[in-house]
Amino acid sequence: MTAKLTTQQAASTAALLTITTETPFNKRRDCWFCGEPNQYVFTCINDSETSAKKDISQLSLPSCKECYQIAQKSVTKAEHERCHYSIWTIKAAVKQYLLQHYHKDLAIGINWTKTELAESEFEQGNFAGFQKSAWFMFELAKARVSYASWPLIVDGITILDEYQEQSFNFDDVVYPNIEQAMHHYANTFSLSLEYFRSVLALLGNDNFAKAVRFCRLLVAANADERQQALRQLRQEVTAHKLRTSNNT
């Protein structure tokens, strides 16, 4: 274990020598994308504007093996499709991959609390291993998906994060955007994504939890029943807005 750790540290130290971005001292072992130990350097051509309106033609930053591979695939795909890409679109692609990869692990935190899992009486039988490792896997998944990358600074110039405002924080998990959060919860609870989207449009993003609960009540409903419930919800929301408007 010690030899393996030493090898990782040596690889990380060597990788840092080729990095052009400023890395905080306490982050020098981290992958910029997810926070796992870094062993690679991801390099890309960046065409995003900077705070000083000066182009930074190339960026290189520390990465773990998995994020490095996904980032490279993202660039290859964008080039093949002749699409715009920058370090921020690449980061969004990596986060989306991690969210899909850890879907089942993140669902543990949705369906259980740490206390409930500890008191689940799964000590015996086929679920004993699940009880021991489930919460650890959830926390690992949440940490990687929600990891806050440090600001990218090259020669004193900060690269503006063009995707920062799109991120969506819900229940201590940071999603690349609200669409990814909807996909995750729709998959977890077998919800109709289009219906979920319609409900959330009525209730607003701040009522994400309420939208999830509303849709879960109608999982077994048919299309007509869901539409009827949606019409009733629309009426209630409209009435609430009128009451609020009259009271101000």
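Any read-out appearing in this document is the output of simple, stated calculations on the displayed coordinates, not a laboratory observation. From a predicted model like this one, the values you see are computed outputs, not experimental measurements. Cβ atoms come from the backbone with ideal geometry, glycine included; neighbour counts cover every protein chain shown.
With K and R counted +1 and D and E -1, the other residues having a Cβ less than 13 Å from that of ALA143 yield a net charge of -2. Exposure proxy ranking for MET182, MET137, based on other Cβ atoms within 10 angstrom of each Cβ and starting from the fewest, stands as MET137, MET182. Note on LYS241, LYS95, LYS73: ascending count of other Cβ atoms within 10 Å places them as LYS241, LYS73, LYS95, the fewest first.
Residue by residue, the stretch 88-102 carries 3J(HN,Hα) couplings of 7, 5, 5, 4, 4, 5, 5, 5, 5, 4, 4, 5, 6, 4, 9 Hz when phi is fed to the Karplus relation 6.51 cos²θ - 1.76 cosθ + 1.60 (θ = phi - 60°); x denotes Gly or Pro.
Could you tell me which of rounded, prolate or oblate describes the stretch 201-248, using a ≥ b ≥ c as the square roots of the eigenvalues of the alpha-carbon gyration tensor, with rounded for a/c under 1.5 and, failing that, prolate when a/b is larger than b/c and oblate otherwise? Oblate shape, in that a/c is at least 1.5 and b/c is the bigger or equal ratio.
I need the shape label for the stretch 147-248. Rule: rounded when a/c is under 1.5, else prolate if a/b > b/c, else oblate, with a, b, c from the alpha carbon gyration tensor. In terms of gyration-tensor shape, oblate. Among HIS101, HIS240, HIS183, a tally of other beta-carbon atoms within 10 Å of each Cβ gives an order, fewest to most, of HIS240, HIS101, HIS183. The H on the amide N of TYR175, modeled in the peptide plane, is under 5 Å from the matching H of PHE168, ASN169, PHE170, each at least 5 residues off or on a different chain. Sequence-ordered 3J(HN,Hα) estimates for the stretch 169-179 from the Karplus curve with 6.51, -1.76 and 1.60 and θ = phi - 60° stand at 9, 9, 6, 6, 10, 9, 9, x, 6, 5, 4 Hz, glycine and proline given as x.
Distance between the C-alpha centres of the stretch 172-248 and the stretch 74-89: 33 Å, rounded to the whole angstrom. Karplus-based coupling profile of the stretch 148-156, in residue order and whole Hz: 8, 5, 6, x, 8, 10, 10, 6, x, with θ = phi - 60° in 6.51 cos²θ - 1.76 cosθ + 1.60 and x standing for Gly or Pro.
Among the listed pairs LYS65/LYS114; LYS77/LYS104; LYS104/LYS142; LYS114/LYS210, which have their C-alpha atoms separated by more than 18 angstrom in this model?
LYS65/LYS114; LYS77/LYS104; LYS114/LYS210
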